[in-house]
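Working notes, beginning with the structure itself.
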Amino acid sequence: MTLQIVRPGNGVAPLLRAENVSLEYGSTRATHDVSFDVYRGDRFVLLGPSGCGKSSLLKAVAGFVQPQAGSIRINGESVRGPGPDRMVVFQEFDQLPPWKSVLENVMFPLLMTKQVSRHAAVERAMHWIVKVGLGGFEHAHPHTLSGGMKQRVAIARALAMQPQVLLMDEPFAALDALTRRKMQEELGRLWEELRFTLLFVTHSIEEALVVGNRILLLSPHPGQVRAELNSHQFDLVSAGSAEFQAATQRIHGLLFGEPVAPTQAGAHAERVERRIMDTRVRGNDTP
């Protein structure tokens with residue numbers, strides 16, 4: 001297997017760099033010595049089982065928690081707290097103030113940070129409301145919206161701020177399977193159009209392959225880097241293919257240290273997997 005990660009050429013600095021990050025809550029260590037780089041335009045996924053610290057890492061990037069050890073930098077500047085250059089979309093549907101309309105929710109951070117005038121905030125908010133497919137719902141309130149529609153509002157609110165990095169913490173986990181697939185599709189469409197930088201947390205291997213172009217695998221508690229791999233070749237269309245299933249099983253084996261069971265596709269899928277999955281397993285390769 002080729003142990004290599006496809007990254008920008010020499011001289012291209014990462015937009016986001018986490019170096020040897022350890023996070024603790026009281027006496028409990030959530031992550032230990034985690035390092036990764038996110039480049040501009042990446043769809044970078046933190047993948048691991050519950051309790052591995054992936055959401056804690058995202059909160060640290062957002063500036064909500066401080067590392068016990070290590071550092072996190074955006075454009076070379078240390079992250080010391082929350083900022084409009086990092087906008088978060090959470091899993092919970094109650095992240096939207098219920099007394100505000102869709103338009104008011106999307107405008108709110110623009111007005112709070114005084115980035116633009118109220119007139120410009122209305123125009124920018126309407127632009128993003130239409131982008132996420134909610135044109136005509138700008139005066140609706142959250143209690144009248146479905147779960148998927150609420151998440152679209154949260155995404156519009158985040159993108160309206162034009163952040164350096166869009167942070168998404170299992171944003172589709174609470175949705176039903178059909179809505180979740182639709183939201184994955186719409187997120188991919190938005191990225192193809194805008195090429196924003198995304199840091200995405202999930203515990204679903206399939207979602208990681210569909211959403212991400214690069215995936216960092218974290219071990220069970222405390223979270224440590226198990227492997228890093230490329231997944232740019234997969235999307236919703238390829239989900240279910242022999243190659244996709246082989247990749248899913250390979251990732252499961254890397255995460256849990258279990259033997260990779262043979263797939264129904266047989267030896268051909270294994271050969272294809274070896275060709276397309278460029279992985280670098282920490283401790284088993286050289287830089």
field: Pair GLU192, HIS143: separation of 7 Å Cα→Cβ label points (nm)
entry: 3.9 nm
- request: Would you kindly state how much longer the chain becomes between LYS114 and LEU236 on full extension, computed as 0.36 nm times their sequence separation minus their alpha carbon distance, in nm to one decimal?
  value: 40.1 nm
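State the volume of the convex hull built on the alpha-carbon positions of the stretch 1-111, expressed per residue in Å³ and rounded to an integer. Mind dumping the intermediate values first?
Working: hull volume 18.5 nm³, N = 111.
Cα convex hull per residue, to the nearest whole number: 166 Å³.
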- prompt: Extension gain ALA13-ASN75, at 0.36 nm per residue separation less the Cα-Cα distance, in nm?
  reply: 21.5 nm
statement: By the Cα gyration tensor axes a ≥ b ≥ c (a/c under 1.5 gives rounded; else a/b larger than b/c gives prolate, otherwise oblate), the shape of the stretch 130-200 is oblate
message: Using a Debye calculation, one point per C-alpha and no hydration shell, please list log10 I(q)/I(0) for the chain at q = 0.08, 0.09, 0.13 Å⁻¹ in order.
response: -0.35, -0.44, -0.91
- request: Of all alpha-carbon pairs in the stretch 110-167, indicate the percentage at a distance above 16 angstrom.
  value: 43 percent
task: Take the Cα coordinates of the stretch 61-213, assign each an equal point scatterer, and use the Debye formula without solvent to give log10 I(q)/I(0) at q = 0.11, 0.16, 0.17 Å⁻¹.
output: -0.43, -0.91, -1.03
statement: So, with points 7 Å from each Cα along the Cβ direction, the LEU178-GLN162 label distance in nm works out to 3.8 nm
field: Among 193-200, 41-48, 135-142, the order from most to least packed when residues are scored by Cβ within 10 Å on average
entry: 41-48, 193-200, 135-142
task: Indicate the gyration tensor shape class of the stretch 10-66 (rounded, prolate or oblate), computed on the Cα atoms with a ≥ b ≥ c the square roots of the eigenvalues: a/c under 1.5 is rounded; otherwise a/b larger than b/c is prolate and the rest oblate.
output: prolate
Computed [θ] at 222 nm, deg cm²/dmol, the chain (DSSP H ≥ 4; -39,500 (n - 2.57); rounded to nearest 500): -10500 deg cm²/dmol
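Coordinate-derived values only; no laboratory data. Keep in mind it's a predicted model, so treat the numbers as computed, not measured. Counting neighbours? That spans all protein chains shown, and the Cβs are built from the backbone with ideal geometry, glycine included.
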